[in-house]
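Structure, as structure tokens:
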């Protein structure tokens, strides 16, 4: 009788062990030792894409946090003719923007999945126009030149399995960012 109970418990434990989902192990960017994500400057947003490998069978959350030097215009409603004036203004301080994408477990195939994540655009106009000659002016961000980005991969969401920290030099201008301008480290 004791043997039957012990065997039943062991069998139940074995079934439970086999039924547990596979967890991420050694998540990395696919493409070899020096693989880096690709970046595109879309004017006000930054896109990043690549392929992940070493994932488990759970949902994935990918987040990008990017820092950029914005270009802004200052507009002052003219008292004389009613048209906006756009005198030479000062650029605001660096801006941080973020974005994320969720990838369901069903899209992870053999531990791999491609990704493409885009930051949100910065908030504009900037309230109070701090970089313009007066607070009654309107300050609008019209372009962003990105200098860095951090991509975080979570699997399952809430558990960080990969962080890719990238420096972009020189800062971006609209379009694809040359790979030679990007230096990344993974942890």
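In the range 128-139, what residues are part of a strand (DSSP E or B) and surrounded by 19 or more Cβ atoms within 10 Å (Cβ to Cβ)? Full working, then the answer.
Restricting attention to the range 128-139, the residues satisfying the condition of being part of a strand (DSSP E or B) are 138-139.
The answer is 139, and nothing else.
Only a single item in (1) at pLDDT below 95; (2) loosely packed, with under 13 Cβ neighbours inside 10 Å is not met by residue 125, and it is number (2).
Out of 167, 147, which single residue is surrounded by fewer than 16 Cβ atoms within 10 Å (Cβ to Cβ) and in a strand (DSSP E or B)? Quick ask: steps written out before the conclusion?
Numbers: 147 fails: surrounded by fewer than 16 Cβ atoms within 10 Å (Cβ to Cβ).
After ruling out the rest, the residue left standing is 167.
Looking at this structure, is residue 51 closer than 18 Å to residue 155 by Cβ, modelled with pLDDT of 95 or more and in contact with a helix residue (DSSP H, G or I) (Cβ under 8 Å, 6 or more places away or on another chain)? No. Which of the residues that make up the range 30-52 are over 22 Å from residue 122 (Cβ atoms) and over 13 Å from the mean Cα position of the chain (by Cα)? If the condition is that a residue be over 22 Å from residue 122 (Cβ atoms) and over 13 Å from the mean Cα position of the chain (by Cα), then 30, 31, 32, 33, 34, 35, 36, 51, 52 are the ones that fit.
The values are calculated or read from the model by the stated rules, or taken from the named source; none is laboratory data. Everything quoted here is computed from the prediction, not taken from an experiment. Don't worry about glycine lacking a Cβ; one is built from the backbone with ideal geometry, like all the others, and counts go over all protein chains shown.
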